[in-house]
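Please read the structure below before turning to the comments.
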Amino acid sequence: MKIDRLSNGLRVVTETINSCRSVALGIWVKTGSRNENSRNNGISHFIEHMLFKGTDRYSAKDIAEIFDGIGGNVNAFTSKEYTCYYAKVLDEHLPIALDVLSNMFFESRMDPEELAKERNVILEEISMYEDTPDDMVHELVSQVAYGDHPLGATVLGTEQNLNSMNSSDLFAYMKEHYIIENTVVSLAGNLGPSILEQVEQYFGKFANHGQSSTYVQPSFAGNIVYHAKQTEQNHICLSLPGLSMAEELTYPMILLNNVIGGGMSSRLFQEIREKRGLAYSVYSYHSAHIDSGLFTIYTGTSPKQTDEVLKVCMEVLSGLLDQGLSQSELSKGKEQLKGSLILSLESTSSRMNRLGKNELMLGRHYTLDDMIARIDAIDMQQIDRLIQQLFAHPFAAAMVGQGEKTIEKFRRDQLVGRSSARSTAPTIERQ
């Protein structure tokens, strides 16, 4: 792995893998919904869409046909803290990918006619999301976890905001946020010795400097939100404050999540689905941001079983608080982590993603040996400390479905100091 800078200061991170014939290329920009406000929420995602809608050299159809014609793929995504434009191609076609992606990045026209069409596409995307309750509930729990902080805002934005945006707004936002200090180019795969010269050829003209994005750390606002919807299932998310990307307990957190609900052998899956048959889907995950994080449990179950599922969830977590992990769970968890890590490194796309995200958000990288050593070093003391830290807060909770009383009587604080816990009346937002 190498970190270089172009003549203009742009960071380029590369990893050469001579044993493969593909190359993954990513342009990472440190801007997302967290950089927005209530008036322009959704603009980062809108820009991501518009960069595929044509330049003076390539139409939207040209871009699609070029990558289809070389058997490659091109795409992008926007998150709360960053946007990534990426492609994966055969090594011999890397110059084509560099040419087209850089042209999209620097020369997108933001044609008003195309903008109007793409606005409608995103509005349809929002409608699709609102028609998918098992997606919506994750967004809702993020909103009540972070309150008015930008991390609680949706990436897609709102219809009102999107309808008010024009090409000038998008260009102005790009001028402020699409700057060299906020940008990283990452490549992984069968790279030749002249790779830096190739990247310089296409990105050396980048001249937009500015102040790198800085953020205000959120506080955990944890509350309850209920969204009434005629569904066959109730969709529920419970969230707690997690860890930031830079925390030393990152690997213990991943291991603990896997034990709680990260797979088919996890405690929640085994207890709720396998033993009791109360839900088809039940899982947990941890999402880390630059200065904060969320640990979230999701389940979908019928309205008549919702009370029981919530009760079993709390029983599983109470058992974790009382007894911690077993030595077997710790040992198996370490092997699981090492296996998934090593298998992920067989993909050039995964390596490119790891390089770009680590450089953009953390400014540091670990070797495979470093990461395995950190996993091997996980001990029970770290896990116990993390469990106590995790469950020292009341839950944020969201439910989409039927039966407001079910979530209304859920005690968010029931795992906090259980021996002396006192019930507090939750404040419920109704949508």
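The values are calculated or read from the model by the stated rules, or taken from the named source; none is laboratory data. Bear in mind that the values here come from a model prediction, so they are computed numbers and not experimental data. Methodologically, a virtual Cβ is constructed for each residue, glycine included, from the backbone with ideal geometry; neighbour enumeration extends over all protein chains shown. Just so you know, the surface numbers come from the protein's heavy atoms only, side chains and all, with ligands and any DNA or RNA stripped out. Shrake-Rupley method; radii C 1.70, N 1.55, O 1.52, S 1.80 Å.
Short-range pairs are left out: with C-alpha atoms under 8 Å and at least six residues apart, the relative contact order of region 93-186 is 29 percent.
Relative to the longest principal axis of the Cα atoms of the chain, the long axis of helix 348-357 lies at roughly 80 degrees.
Across the chain, C-alpha contacts under 8 Å between residues 6 or more apart give a mean separation that, scaled by the residue count, equals a relative contact order of 22 percent. Among the protein heavy atoms, those of residue 31 account for about 0 Å² of accessible surface (1.4 Å probe, every chain in place).
You can think of it this way: the chain between residue 18 and residue 167 has 49.4 nm of extra reach, that is 0.36 nm per residue less the Cα-Cα gap. For the options 113, 181, 36, a Gaussian network treatment of the chain with springs between C-alpha atoms closer than 10 Å singles out 113 as fluctuating the most.
Once you sort the root eigenvalues of the Cα gyration tensor of region 1-106 as a ≥ b ≥ c, which label holds: rounded (a/c under 1.5), prolate (a/b larger than b/c) or oblate (the other case)? In terms of gyration-tensor shape, oblate.
Pairs of Cα atoms in region 278-390 fall into 10 Å distance bins, from 0 up to the last occupied one, in shares of 11, 30, 36, 19, 4 percent. Against the chain, whose longest principal axis is taken from its Cα atoms, helix 112-130 shows a tilt of about 20°.
Shown here for region 1-41: trypsin sites (Lys or Arg not before Pro) in loop regions (DSSP other than H, G, I, E, B) with at most 15 other Cβ atoms within 10 Å, namely 21, 39. Partners of residue 409 within straight-line reach, counting lysines whose Cα lies under 21 Å from its Cα and excluding those fewer than 8 residues away in the same chain: 229, 304, 311.
Principal axis analysis of the Cα atoms in region 255-326 yields extents of 39, 27, 19 Å, listed in decreasing size.
Please say if region 160-267 is rounded, prolate or oblate, where rounded means a/c under 1.5 for a ≥ b ≥ c the square roots of the C-alpha gyration tensor eigenvalues, and otherwise the choice is prolate for a/b larger than b/c and oblate otherwise? Walk me through the numbers before you get to the answer.
Working: a/c = 2.26, a/b = 1.44, b/c = 1.57.
Cα axes put region 160-267 in the oblate bin.
So what's the gap between the Cα centers of region 109-168 and region 347-397, to the nearest angstrom? So the two Cα centres are separated by 29 Å. For the chain, the C-alpha radius of gyration sits at 1.04 times the compact-globule guess of 2.2 N^0.38 Å, with N the residue count. Can you work out the PRE-style zone for residue 302? Point 7 Å along Cα to Cβ, and I want the residues of region 386-408 with backbone N under 19 Å. Once the point is set 7 Å along Cα→Cβ of residue 302, 400-407 turn out to lie under 19 Å by backbone N, inside region 386-408.
Taking K and R as +1 and D and E as -1, what net charge do the other residues with C-beta under 13 Å from the C-beta of residue 50 add up to? Walk me through the intermediate numbers first.
Details: positive: 53, 109, 117, 119; negative: 48, 107, 111, 113, 114, 118, 169.
Every neighbour counted, the sum reads -3.
Between residue 109 and residue 123, full extension at 0.36 nm per residue minus the direct alpha carbon distance yields a gain of 2.9 nm.
If you take every residue apart from residue 269 with its C-beta less than 13 Å away from the C-beta of residue 269, what net charge results, scoring Lys and Arg +1 and Asp and Glu -1?
Details: positive: 267, 273, 275, 276; negative: 271, 274.
It works out to a net charge of +2.
Hey, what angle do you get for helix 60-69 against the long axis of the chain, alpha-carbon based, 0 to 90 degrees rounded to 10? For helix 60-69, the angle is close to 90 degrees. Among the listed pairs 80/117; 61/175; 2/357; 2/205; 80/205; 61/205, which have their C-alpha atoms separated by more than 18 angstrom in this model? Exceeds cut-off: 80/117; 61/175; 2/205; 80/205; 61/205. Its DSSP H runs of at least 4 residues, each contributing -39,500 (n - 2.57), put the calculated 222 nm mean residue ellipticity of the chain at -12500 deg cm²/dmol, to the nearest 500.
Extents of region 46-104, largest first, come to 34, 24, 16 Å (Cα atoms, principal axes, whole angstrom).
Percent of accessible area on region 125-178 owned by carbon and sulfur, 1.4 Å probe? Let's see the in-between values first.
Details: 1200 of 2510 Å².
With neighbouring chains kept in place, the figure for region 125-178 is 48 percent.
Using a Gaussian network model of the chain in which every pair of alpha carbons under 10 angstrom is joined by a spring, one finds that among 49, 138, 93 the greatest mean-square fluctuation is at 93. Counting protein heavy atoms only, region 236-386 has 49 percent of its accessible area on carbon and sulfur, 1.4 angstrom probe.
If you average the sequence gap of Cα pairs under 8 Å that are 6 or more apart and divide by the length of region 265-400, what percent do you get for the contact order? Before the final figure, lay out each step's value.
On the way: 79 pairs, mean separation 25.3, N = 136.
In percent, rounded to a whole number, it is 19.
Rg and Dmax, both from the Cα atoms of region 41-184 and both in Å, are 16.3, 49.
Excluding ligands, DNA and RNA, the accessible surface per residue across the chain is 45 Å² with a 1.4 Å probe.
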